[in-house]
Amino acid sequence: MKNLSLKIDDNIFQDTEKILSKIKTNRNRYINEAVDFYNMLHKRKILTKQLKKESLLVRDESMKILKEFDESENESV
């Protein structure tokens, strides 16, 4: 495990402490879970953005191929 020094806004710290006292979890575990959740959230956002970009590329290429097929069919008629 890595040690980390963290500066946290007073209001966030106070809210966190209130929650911790109610859910009976230690601060370190809570912060680890919060960072893990936030990492997963951002991984999904990055993946979504990548999939949209790749989908557009595939769509454009598919449209070109469909147009070529259409043109070749029109020429044979």
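Worth a mention:
- Test: residue in region 8-20 that is within 27 Å of the chain's Cα centre (by Cα), loosely packed, with under 10 Cβ neighbours inside 10 Å, at negative phi and not in a helix (DSSP H, G or I): yes
- Looking only at region 33-77, and only at residues there that are in a helix (DSSP H, G or I), more than 31 Å from the chain's Cα centre (by Cα) and not charged (D, E, K, R), the one that is modelled with the lowest pLDDT: 76
The values are calculated or read from the model by the stated rules, or taken from the named source; none is laboratory data. Every value quoted in this text rests on a predicted model; they were computed, and no experiment measured them. Please note: Cβ atoms are built from the backbone with ideal geometry, for glycine as well, and neighbour counts cover all protein chains shown.
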